[in-house]
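The values are calculated or read from the model by the stated rules, or taken from the named source; none is laboratory data. For clarity, every value in this text was computed on a predicted model and none was experimentally measured. A quick note on method: Cβ atoms are made from the backbone with ideal geometry, for glycine too, and the neighbour counts reach across all protein chains shown.
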Amino acid sequence: MPDNNGKQAHLRSIEEFYDLLAPNYDTMTSFEQRFIQERPFFQALIDRFHFRSALDAGCGSGFHSLLLSQLGVDVLGVDVSAEMLRLAEGHARELSASIRTLQGSFENLGDLIKERFESVFAMGNSLAHLLSAATVEKALRNFATVLDPHGVLVVQILNYERVVTRREHIQNEKQVGTKTFVRSYDYDAAGILFNIVTREQKNAISEEKIQTVRLRPVFRAELVTLLERVGFTGIDIFGGISLVPFDALNSKDLIVLAKKRG
């Protein structure tokens, strides 16, 4: 799969993509700074829904798991990437935070987990890694399975109505020290290719690595339909974690809050 410079980008599985990304992930995503930025919004969710337990599905390096734990929530973080889970466990030790971790995918959560939670979080655009409507539906059904009656589901994905309409290539570029991270999208008939280019300056030599994984855009109408089908109600749509109104053409994110039908 050629990138824009004609280089050959190897299309990776989700697990391989994030295992390889793990050493740079926290630097690229401003891990430490996000605690201050996002804490008020997660406190507001706790105050609104009064949950004290959470499943963090697709927890990555553990940011949301740790934030919820610091706010008094009992958290199980699940991710398909063993390397990401090692990062999460290391952060928990460093921060003296109490979280549990488990390796697994969205598709097998219902069989893998027997306990029930008052909330489920699927943050960080993780649903877009599922490459068919059927697998998205199965993931949502599994979320419902592990939720207590009337539990709350919080989903964050990119606003793909905006992404697909604008067909923007460069999504984000960030420089930290000698490294530059460029996140970009390429588009084809099968959906979207998500690329992360890492450039590192070592003396006079610049090294570049590219990692690519396939995404499938999940649109608001499809997501609402599937949520209703698997047993969610009271579905609210927002344009960001601050719960601002959703604007299909301009919102960067699509945030969904939904209650499990009792």
Just to be sure, is ILE192 assigned to a strand (DSSP E or B), of a type in the set (Val, Ile, Thr) and in contact with a Pro (Cβ under 9 Å, 6 or more places away or on another chain)?
yes
Counting only residues that are assigned to a helix (DSSP H, G or I) and either in contact (Cβ under 8 Å) with a residue 24 or more places away in the chain or closer than 17 Å to ALA122 by Cα (or both), how many does region 24-62 have?
16
Among the residues listed as LEU20, LEU66, the single one being outside any loop (DSSP other than H, G, I, E, B) and closer than 26 Å to GLY240 by Cβ:
LEU66
Looking at region 8-47, which of its residues are closer than 15 Å to THR212 by Cα and either among the acidic types (Asp, Glu) or within 15 Å of the chain's Cα centre (by Cα) (or both)?
ILE14, GLU15, GLU16, PHE17, TYR18, ASP19, LEU21, ALA22, TYR25
Considering only residues of region 198-254 that are polar (S, T, N, Q) and closer than 23 Å to ARG141 by Cβ, which is nearest to the chain's Cα centre (by Cα)?
THR225
Quick one: which strands (runs of 3 or more DSSP E) lie wholly within region 111-188 and hold at least 2 residues that are under 25 Å from ARG100 (Cα atoms)?
117-122, 147-158
Out of LEU215, LEU223, LEU193, sole residue that is surrounded by 15 or more Cβ atoms within 10 Å (Cβ to Cβ), closer than 25 Å to VAL152 by Cβ and either hydroxyl-bearing (Ser, Thr, Tyr) or in contact (Cβ under 8 Å) with a residue 24 or more places away in the chain (or both):
LEU223
Quick check, is SER98 farther than 20 Å from VAL146 by Cα, hydroxyl-bearing (Ser, Thr, Tyr) and modelled with pLDDT under 95?
yes
Give GLY151, GLY177, GLY262, GLY191 a once-over and let me know the one that is out of contact with any Phe, Trp or Tyr (no Cβ under 6 Å at 6 or more places or on another chain), of a type outside the set (Val, Ile, Thr), under 27 Å from ARG116 (Cα atoms) and modelled with pLDDT under 95.
GLY262
Go through region 18-56 and report how many residues are touching a helix residue (DSSP H, G or I) at 6+ places or on another chain (Cβ under 9 Å), surrounded by 15 or more Cβ atoms within 10 Å (Cβ to Cβ) and farther than 14 Å from LEU71 by Cβ.
11
I'm checking my understanding of the structure. Among residues of region 226-249 that are closer than 24 Å to ARG34 by Cα and among the aromatic types (Phe, Trp, Tyr), which one is surrounded by the fewest Cβ atoms within 10 Å (Cβ to Cβ)?
PHE238
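Residue-by-condition table, conditions (1) surrounded by 18 or more Cβ atoms within 10 Å (Cβ to Cβ); (2) under 17 Å from HIS64 (Cβ atoms); (3) under 16 Å from the mean Cα position of the chain (by Cα):
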{"residue": "MET84", "(1), (2), (3)": "yes, yes, yes"}
{"residue": "LEU87", "(1), (2), (3)": "yes, yes, yes"}
{"residue": "GLY90", "(1), (2), (3)": "no, yes, no"}
{"residue": "ARG93", "(1), (2), (3)": "no, no, no"}
{"residue": "SER98", "(1), (2), (3)": "no, yes, no"}
{"residue": "SER105", "(1), (2), (3)": "yes, no, yes"}
{"residue": "GLY110", "(1), (2), (3)": "no, no, no"}
{"residue": "ARG116", "(1), (2), (3)": "no, no, no"}
{"residue": "PHE121", "(1), (2), (3)": "yes, yes, yes"}
